[in-house]
Amino acid sequence: MKPTTRSFLKVLFASLVCIAGSATVVLSANVTLRWDANVPAPEGYRVFARESSQAFNYSNPIWEENSTTCTLIGLTEGVTYHFVVRAFDGDLESADSAEVTYTPAVDVPNQAPSADAGSNQTVYENEPVILDGSASSDTDGSVTGYHWVQTAGAGVDIQNDAAARTSFTAPVVGLDGDILSFRLTVSDNDGMSSTANTLITVLKSASTDIDGDNVPDVLDVFPNDPAEWADNDGDGTGDNQDPDDDDDGMTDEWEIAYGLDPLNDDSALDSDGDGVSNFMEFTSDTNPTAAPTNAAPDAPVVDAAMQVERVGLTPVLVSGTYFDADHDDHFRSQWQISTESDFETLILDETSETQLTAYTVGDLVLDGETVYYWRVRFVDARNGLSDWSDTSIFTTVDSTDDANTNGIPDTQEVDASVDVNENGIFDYLEDNIMAVNTVEGQSIVGVEVVTEKVSLISVKSLPTDTLADQSVKMGFGLVGFKLYLQQGLDTATVRIYFSTPVPGDARLYKYIADTGWQEYANAVFAPDGKSVALVLEDGGTGDEDGVKNGVIVDPSGISYTDPVSSDSASVSTGSASSDGGGGGGCFISAGTSDRNMFGAIASNAALPVVLMILATGGVLAAACRRTPGNL
């Protein structure tokens, strides 16, 4: 019989609530309902349910008992259900309670977080490195934990391996560098985790000097030994300790004493042409550079030029006729310049095989408004040395191309905003770097001193069209610079910067008047191609003045496969030019005027005389000749 509704049976409408709901199986859920009991207590209660698009079916309760709570199971996740309760007593049944709804949540399995260890990086040794995992995420929760672990490469100390963003210091590495690998593990709030990896490539720094010998590790054969940095013969013993750097069986001390080359095997040569090899001369303890019967050349006779005569900064020293009694060929000439009449301290000491009777003083070697003394001697084909010539004197004019005396020609000054080494500081505010606009092109070249206790005095861009050897084409050209080294220093490390990167096949060259172009084998280019580092030795390769005197003058430049030709930035060591130091000249000597001076000297073997071509500003004012008798 269909139950009859009676108004005295009622369920308090506000009392029906959903007190719990949970998933029981995949795509299935349950709910617990509770309501207040009727007074007096009825026979029982019936629960009816419907979905949102349906009506209640009062003839088919989904639950019927005399309890005031019930748990319904088998609900479909994501479906909204509506519930009412009716009290009944026999065939009597109350009206609906208040209606409640419940939508079982869709149970989505937890998704693992996404780990992001950041991009791969390339750094230099001793630089700080940031490991950044802050881009890691979790789509259905939150990232609650980070853990960094190094998996490869030289060991480092990670500052905080549990932080999203942490750091370490790049280790000191070998010449080939090193690759460090790191793994990041991230965890989410439901206990799941994932990992990601990142690589840090560590490059050898061009300025790192572990042993403090002023030679960067990239150029130091013995980077951990402050007393050694080179091994010319590759025997594992440094040149400073090795008594025979070229491994030719003759000691360096002996070779230097007789003017032989201690860095090249010349043991089989016969320097004095007496039929006895240098090695046999060494074992016999005889002079390898002068045969017993060899007559030395006559000493050059120097015209004692007056001190008041003033010359430019790139004078040409000219020698008269060479004469040797036993007719040996003129092999070499040794030229010296000093600020002291006894030549105790040398400004220049060069022995040339090509500049035999005329020597061009390179740019930046001489200072303005200075009195200089110079002399020359000849060397014959059997290494017989003449006596030194008499001493001649000259005074240089003050430089006219650097009015503000900042070491840079006024016409080559760069804008105050230039920062060619890209360190965030304008170059003109730094003491260890100078930059110039090149005279051949629109580029900027900067020179930076890396070694402490070394001062950068001047930098100058020079034209290349006056060079005799045009076989090497410059990309960024040559740049000349002058360094002062404090007492006790023998080497200086510099870095040359370019405003335009050079390609991977770029090489650094120096121009030497005797031999032409010479490559700097120890030059180290930066990975970005915008700078090159090199070590220069006072009096050694790369030092224009050729003497260990606390001053290094170096002109060098870049060449590569396809350099810019007409618009490239270039400088050179060229001979006396019209840029800055003054070109042209006046020949000062004793005697009457003779414009065919060189022809006259060349044809007069009985009158050996040393002349100086004085660069005084660009106009060939006069040519005159004076004999010693007229002094």
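Consider the range 191-212 and keep the residues that are in contact with a strand residue (DSSP E or B) (Cβ under 9 Å, 6 or more places away or on another chain) and charged (D, E, K, R). The one that is least open to solvent (accessible area, probe 1.4 Å) is LYS204.
Conditions (1) assigned by the TED database to the domain that holds THR438; (2) over 24 Å from THR500 (Cα atoms); (3) at pLDDT 90 or above; (4) not in a loop (DSSP other than H, G, I, E, B), marked per residue:
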{"site": "GLN518", "(1), (2), (3), (4)": "yes, no, no, yes"}
{"site": "GLY529", "(1), (2), (3), (4)": "yes, no, no, no"}
{"site": "VAL535", "(1), (2), (3), (4)": "yes, no, yes, yes"}
{"site": "GLY539", "(1), (2), (3), (4)": "yes, yes, no, no"}
{"site": "GLU544", "(1), (2), (3), (4)": "yes, yes, no, no"}
{"site": "ASP554", "(1), (2), (3), (4)": "yes, no, no, yes"}
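From the set of residues in the range 338-351 that are buried (at least 20 other Cβ atoms within 10 Å of the Cβ) and within 36 Å of the chain's Cα centre (by Cα), which is farthest from LYS548 (Cα to Cα)? Here the residue is GLU350. Screening the range 141-158 for residues that are polar (S, T, N, Q) and modelled with pLDDT of 95 or more and picking the one that is most open to solvent (accessible area, probe 1.4 Å) gives THR151. Candidates LEU483, LEU467, LEU456, LEU478: the one that is aliphatic (A, V, I, L, M), in a strand (DSSP E or B) and under 17 Å from ILE558 (Cβ atoms) is LEU478. Select from the range 113-140 the residues that are in a loop (DSSP other than H, G, I, E, B) and either surrounded by fewer than 18 Cβ atoms within 10 Å (Cβ to Cβ) or of a type outside the set (Gly, Ala, Ser) (or both) and list them in ascending order. Selection gives PRO113, ASP116, SER119, ASN120, GLU125, ASN126, GLU127, SER134, ALA135, ASP138, THR139, ASP140. Of all the criteria given as (1) modelled with pLDDT of 90 or more; (2) open to solvent by 70 Å² or more (accessible area, probe 1.4 Å), the one not satisfied by ASN224 is (1).
Just wondering, is there one or more residues in the range 312-327 that are open to solvent by 30 Å² or more (accessible area, probe 1.4 Å) and under 25 Å from THR251 (Cβ atoms)? Within the range 312-327 (the criterion being open to solvent by 30 Å² or more (accessible area, probe 1.4 Å) and under 25 Å from THR251 (Cβ atoms)), the answer is no, since none of the residues qualifies. Say whether the condition of being assigned to a strand (DSSP E or B) and at pLDDT 60 or above is met by at least one residue in the range 20-27. No: the range 20-27 contains no residue that is assigned to a strand (DSSP E or B) and at pLDDT 60 or above. In the set (1) touching a residue at least 12 places away in the same chain (Cβ under 8 Å); (2) surrounded by fewer than 18 Cβ atoms within 10 Å (Cβ to Cβ), the condition left unmet by ILE256 is number (1).
Selection of the range 378-416 for residues being in a loop (DSSP other than H, G, I, E, B), polar (S, T, N, Q) and surrounded by 17 or more Cβ atoms within 10 Å (Cβ to Cβ) yields ASN383, SER386, SER389, SER399. For the range 278-311, the set of residues classified as at pLDDT 85 or above, open to solvent by 30 Å² or more (accessible area, probe 1.4 Å) and under 19 Å from SER338 (Cβ atoms) consists of ALA299 only.
A Cβ distance below 7 Å, combined with a sequence gap of six or more or placement on separate chains, defines the contacts here; from the range 41-67, residues that are closer than 11 Å to PHE83 by Cα reach residues that are among the acidic types (Asp, Glu) and modelled with pLDDT of 90 or more in the pairs ARG46/GLU64. When the range 142-175 is filtered for residues that are assigned to a loop (DSSP other than H, G, I, E, B) and more than 17 Å from THR122 (Cβ to Cβ), the ones remaining, listed by number, are SER142, GLY155, ASP157, ILE158, GLN159, ASN160, ASP161, ALA162, ALA163, ALA164. Checking each residue in the range 241-277 for being at pLDDT 90 or above and among the hydroxyl-bearing types (Ser, Thr, Tyr) picks out THR251, TYR258, SER267, SER277. Taking the range 176-223 as the range and being in the same structural domain as ILE158 (by the TED database), among the acidic types (Asp, Glu) and over 20 Å from GLY118 (Cα atoms) as the test, the residues that pass are ASP176, ASP190.
In the range 525-555, the qualifying residues are those that are of a type in the set (D, E, K, R) and in contact (Cβ under 8 Å) with a residue 12 or more places away in the chain, and the one that is nearest to SER443 (Cα to Cα) is LYS530.
Residue under question is ALA49, and the condition is that it be modelled with pLDDT under 85, part of a strand (DSSP E or B) and open to solvent by less than 80 Å² (accessible area, probe 1.4 Å); does it hold? Considered against the rule, which asks whether it is modelled with pLDDT under 85, part of a strand (DSSP E or B) and open to solvent by less than 80 Å² (accessible area, probe 1.4 Å), ALA49 comes out as no. Within the range 436-464, the set of residues being in contact with a Phe, Trp or Tyr (Cβ under 8 Å, 6 or more places away or on another chain) and of a type in the set (Lys, Arg) comprises LYS460 only.
In the range 180-190, the qualifying residues are those that are touching a residue at least 60 places away in the same chain (Cβ under 8 Å) and open to solvent by less than 20 Å² (accessible area, probe 1.4 Å), and the one that is nearest to the chain's Cα centre (by Cα) is PHE182.
Within the set ASP270, ASP298, ASP274, the sole residue that is free of Cβ contacts under 8 Å to residues at least 40 places away in the same chain and either in contact with a Cys (Cβ under 9 Å, 6 or more places away or on another chain) or of a type in the set (D, E, K, R) (or both) turns out to be ASP270.
The values are calculated or read from the model by the stated rules, or taken from the named source; none is laboratory data. As the structure is a computational prediction, the values presented were derived from the model and not from experiment. Heads up, the Cβs are rebuilt from the backbone with ideal geometry, glycines too, and the neighbour counts pull from every protein chain shown. All accessible areas refer to the heavy atoms of the entire protein, side chains included, with ligands and DNA or RNA removed. Shrake-Rupley method; radii C 1.70, N 1.55, O 1.52, S 1.80 Å.
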